[in-house]
Every structure is written in structure tokens, then in C-alpha cells.
Amino acid sequence: MRLKSTLRVFSPLLLTAALGVTHATGAFAADDSEPDLPRSMTWAAYDVGSAGYAEASAIADAFGRKYGTRIRIQPSGSAIGRLQPLLRDRAEVAYLATEAFFASEGVADFGDRRWGPQDLRTLGGRPSSFGIFTAKDANITSMKELKGKRFAYVAGNPSINLKCDALLGAAGLTRDDVDARMFPTYNATMSSLAQGKADASCTTTTPSQLYELAESPRGIRWLEVDPNDEKAWARLRKIAPFLQPYRETVGAGLSEDNPVNIFAYRYPVLTVKADQDEDFVYNYLKAFDETYPMYKDGTAVMGRWKLENAGTPPVDVPFHPGAIKYLKEKGIWTDEMQAWNDKRLARLKALQAAWKDAIAEGKGKSDDAFADIWAKHRQQAIESL
């Protein structure tokens, strides 16, 4: 039976209305000419106003118009807040940032006893730039000049905060060298500069709050990381090894005539649980691909969702078999990509085994002692690969 609905997706302003969640099962035919999708779905994403939320909304609208699928976007400003709906089967797909990597590695917030390495898989991720922006009137023109300045961080968001720290590290600075200001949500953090509560922060280049800052009396400036400064990149990669140099021309205050050298990672990362139904994942990615012409102009960077770019490694977590099946059919998936996926999956399984050993050894010991035990077992697992 086809799970097709005549209901249309809500507009982005109404997407957060309460709806029941239909968890995906194996009732989807992978060989249909048109993808079979649930009657309704819930997707987890960043806060309203973020690039991730805007993109999820545009894609949800395309799904609704083409297939009649009803989508609820569940926003959260914290990494844990975006993962919990997925792990508790209250969302089928999560549009994550680097917390996908952290959760699979059992680091940052996910090194706590109640977390550990999570069994996550991806369908792909859009190449995304990331950098430090400042209020132009703060007169900060280089990374080193951030010392002592008010720098906005997001509480409970290791995805953003680690990349902020990596950028500071490129200049030989740490969080202790700036006046770190912690804000409760992503939205509050990104708005803090326009409100005069901070002088610098870091994120992708296209959130709405940054365009507002660019148009405000304070103005906006992006700080560069020289792609040829090997020492700076060596310092940066000690903190975040998955980052690469990137020359960006799209975003607040940016253009072809005014580019900036920052770095790239994958955001959003389409993430599911490892045990998500293979047919559901196949059909979701097929629908995602077939609706690409409908959403590719939804934001200035959504054209980068083309699967030839987004459906390839490296990404934060291994690819799901259902995604690999579709990518093979499209002629995108190669033997080299499969080799990367096999290695990434082996690393995840090794970390999960090490976590069990750490839990056993840490039984009855303090949280600080357990953190040291897990760090030891995790390093041993990585070195064994």
C-alpha cells in the first residue's frame, strides 16, 4: 500500500504545529518510479532563523508540493536538543551539524556516561563554509586582534563552539584569550552582535541574523585564515581535523568581488539512526534528489545540495546502506567512497566496543575519573585501527 497523502506541507511559519509522528518501517518499495514516503514526518533542525532551518523548510515544502507529505520541523538551538528526537524515534531525519561527528565519537557533550558513541548514519551533507565574523565598528581586522574582545558562544552547542575554538587556535589563541560570552541559544548568539552584546562570533555565512548585522549600523566583517599558512592550519587541525580551506563568495557582506578565505565542513548533515529502514532511506534520498530543482534556489547556497557534491565522503558519519544503494544507481558511489565508508564504520564500531570497556572499568567511579578512563580507551581504539 502506498503511503501517499493529499495533504500539503505547511508554510515555514506553520511547520512547528504539533503533528503525530509516523516512524518509518519497511513498507516502502524501492523500485517504484516515484518514491514512497510516509504520510507525515518530523525532521529535527537548528533554530528558526538558522541556515539549517531555512534549508529544511525549503526541502519540506518541496516534498509537500510534489508528494503531499506533511512535514513538521522541530527546531533546537542545542546539539543534544537536535539529537534527542532522532534517538527517541520522535523524528525520522535530523539536519545536524558537527554534533553528528561528536555523537559518533563520544566526545564533547557526548562523552558523558549517558551518551557514548552513537550509531548514526548519513544520507549526505551540503558543503558549507564557516568562519569568524565581527561587528565592523569593533575595528577587528585579524584573528590575533580578537584577544580580549567579547566573543559570543552558544551554550550546549559543541558543534559551533569547537569550530570557534579551532579558528582561534589558527591564530595561536584559546577561549581564555577572549572575553567569552555564553548565550542560551543559537538565535541569541547570532543576534548578540547587532544588539551590541558581543563583538565577534562564528558560524556559516548565510543565517538571517548576519544579514541583519550587515545592514545594521555596526556592519559586518569576516576574518580570514590564509590557506597557505601551514602553521595556522596545523594548529587549527589539532582541534578540528575535518576542516578544509574554502574561498567563500556567498553570504552576509560577501560577493564575487568581496570573497573571504575561511574553511568548509558539511552542514547540514542528513542523519538517521543506523537501524532506520533501508527502503525508507532509499526513498527519502530519491525524493530529496528528485525535488532538487524545486528547492535549489531556496537560499543562496542550496545549489550545493546536488548529490554529486553532497552525496560523497568525507562526511561526519558513515553512509546508510539505503543511501549507498541510491547513490550507486545514480552512478555517484565509487569503490574509493566505499573504502572510506568501510574505514569510517570500522572506527565507529571500535569506539563502541571501547565505550563498553570504559563503562565497565568506570563503574562506581566519579565522573572525572570516568572521563579519564574513556579518553584512554578511546585513544587506544583509534590507535588500533
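The values are calculated or read from the model by the stated rules, or taken from the named source; none is laboratory data. The structure presented is a predicted model; accordingly, all values stated were derived computationally and were not measured. Counting neighbours? That spans all protein chains shown, and the Cβs are built from the backbone with ideal geometry, glycine included. Heavy atoms of the whole protein, side chains included, go into the accessibility calculation; ligands, DNA and RNA do not. Shrake-Rupley method; radii C 1.70, N 1.55, O 1.52, S 1.80 Å.
Taking Glu99 and the conditions (1) modelled with pLDDT of 95 or more; (2) touching a Pro at 6+ places or on another chain (Cβ under 9 Å), which numbered condition does it fall short on, given that it satisfies the others?
Going through (1) modelled with pLDDT of 95 or more; (2) touching a Pro at 6+ places or on another chain (Cβ under 9 Å) one by one, Glu99 breaks only (1).
For the stretch 68-162, which strands (runs of 3 or more DSSP E) that fit wholly inside it have 1 or more residues that are open to solvent by less than 10 Å² (accessible area, probe 1.4 Å) and free of Cβ contacts under 8 Å to residues at least 60 places away in the same chain?
Here the list reads 150-154.
Contact list please: Cβ distance under 6 Å, first residue in the stretch 372-384 and under 14 Å from Arg113 (Cα atoms), second residue not in a helix (DSSP H, G or I), pairs at least six apart or on different chains.
Every condition considered, the pairs that remain are Ile373/Gly362.
Spot the failing condition for Leu13; the list is (1) under 22 Å from Met294 (Cβ atoms); (2) out of contact with any strand residue (DSSP E or B) (no Cβ under 8 Å at 6 or more places or on another chain); (3) in a loop (DSSP other than H, G, I, E, B); (4) at pLDDT below 50, and only one is missed.
Against the list (1) under 22 Å from Met294 (Cβ atoms); (2) out of contact with any strand residue (DSSP E or B) (no Cβ under 8 Å at 6 or more places or on another chain); (3) in a loop (DSSP other than H, G, I, E, B); (4) at pLDDT below 50, Leu13 comes up short only on (3).
Test Leu236 against the stated conditions and say whether it is at pLDDT below 95, buried (at least 18 other Cβ atoms within 10 Å of the Cβ) and in a helix (DSSP H, G or I).
Details: at pLDDT below 95: yes; buried (at least 18 other Cβ atoms within 10 Å of the Cβ): yes; in a helix (DSSP H, G or I): yes.
It is true that Leu236 is at pLDDT below 95, buried (at least 18 other Cβ atoms within 10 Å of the Cβ) and in a helix (DSSP H, G or I).
Can you name the number of the only condition in (1) out of contact with any Ser or Thr (no Cβ under 7 Å at 6 or more places or on another chain); (2) surrounded by 21 or more Cβ atoms within 10 Å (Cβ to Cβ) that Lys231 fails?
Unmet condition: (2).
From Arg347, Arg304, grab the single residue that is over 21 Å from Leu120 (Cβ atoms), in a helix (DSSP H, G or I), of a type in the set (D, E, K, R) and modelled with pLDDT under 95.
On inspection, the qualifying residue turns out to be Arg304.
Given the condition open to solvent by less than 30 Å² (accessible area, probe 1.4 Å), more than 16 Å from Val260 (Cβ to Cβ), touching a residue at least 24 places away in the same chain (Cβ under 8 Å) and not in a helix (DSSP H, G or I), answer yes or no: does some residue in the stretch 214-225 qualify?
no
Residues are listed down the side, and each one gets a yes or a no for (1) within 27 Å of Lys163 (Cβ to Cβ); (2) at pLDDT 95 or above; (3) not polar (S, T, N, Q):
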residue: Asp289; (1), (2), (3): no, yes, yes
residue: Pro293; (1), (2), (3): no, yes, yes
residue: Gln352; (1), (2), (3): yes, yes, no
residue: Trp355; (1), (2), (3): yes, yes, yes
residue: Ala369; (1), (2), (3): no, yes, yes
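Please go through the stretch 191-213 and pick out each residue that is open to solvent by less than 10 Å² (accessible area, probe 1.4 Å), closer than 22 Å to Ser142 by Cβ and in a loop (DSSP other than H, G, I, E, B).
Across the stretch 191-213, the qualifying residues are Ser192, Leu193, Ala198, Thr204, Thr205.
Show the residue pairs that are 6+ apart or on different chains and have beta-carbon atoms under 8 Å apart, the first residue being within the stretch 351-365 and in a helix (DSSP H, G or I), the second being open to solvent by 70 Å² or more (accessible area, probe 1.4 Å).
Ala354/Gln380; Ala358/Lys376; Ile359/Arg113
Given the conditions (1) within 19 Å of Val301 (Cα to Cα); (2) open to solvent by 30 Å² or more (accessible area, probe 1.4 Å), and given that Tyr265 satisfies all but one, which numbered condition is not satisfied?
Of everything listed in (1) within 19 Å of Val301 (Cα to Cα); (2) open to solvent by 30 Å² or more (accessible area, probe 1.4 Å), Tyr265 misses just condition (2).
Looking at the stretch 167-190, which of the residues that are hydroxyl-bearing (Ser, Thr, Tyr) and modelled with pLDDT under 95 is surrounded by the fewest Cβ atoms within 10 Å (Cβ to Cβ)?
Looking at residues that are hydroxyl-bearing (Ser, Thr, Tyr) and modelled with pLDDT under 95, I get Thr185.
Considering only the stretch 305-343, state which residues are open to solvent by 50 Å² or more (accessible area, probe 1.4 Å) and touching a residue at least 12 places away in the same chain (Cβ under 8 Å).
Result: Lys306, Glu308, Asn309, Pro314, Pro321, Lys325, Lys330, Gln338, Trp340, Lys343.
Restricting the search to the stretch 268-283, which residues are open to solvent by less than 10 Å² (accessible area, probe 1.4 Å) and within 15 Å of Leu96 (Cβ to Cβ)?
If the condition is that a residue be open to solvent by less than 10 Å² (accessible area, probe 1.4 Å) and within 15 Å of Leu96 (Cβ to Cβ), then Pro268, Val269, Leu270, Thr271, Val272 are the ones that fit.
Take the conditions under 21 Å from the mean Cα position of the chain (by Cα), at pLDDT 90 or above, among the basic types (Lys, Arg) and not in a loop (DSSP other than H, G, I, E, B) and apply them to Arg65. Does it pass?
The answer is no for Arg65.
Anything in the stretch 38-49 that is open to solvent by less than 10 Å² (accessible area, probe 1.4 Å) and touching a helix residue (DSSP H, G or I) at 6+ places or on another chain (Cβ under 6 Å)? List them, or say none.
Matches in the stretch 38-49: Trp43, Ala44, Ala45, Tyr46.
Name, by its number, the condition in (1) in a helix (DSSP H, G or I); (2) within 25 Å of the chain's Cα centre (by Cα); (3) within 22 Å of Arg114 (Cβ to Cβ) that does not hold for Val317.
Going through (1) in a helix (DSSP H, G or I); (2) within 25 Å of the chain's Cα centre (by Cα); (3) within 22 Å of Arg114 (Cβ to Cβ) one by one, Val317 breaks only (1).
Which residue, of Thr271, Thr299, is modelled with pLDDT of 95 or more, touching a Ser or Thr at 6+ places or on another chain (Cβ under 7 Å) and not in a helix (DSSP H, G or I)? Can you show your working first?
Numbers: Thr299 fails: modelled with pLDDT of 95 or more.
Just one listed residue meets the conditions, Thr271.
Please find, within the stretch 163-190, the residue that is farthest from the chain's Cα centre (by Cα) out of those that are basic (Lys, Arg) and in a helix (DSSP H, G or I).
For the stretch 163-190, the residue satisfying everything is Arg175.
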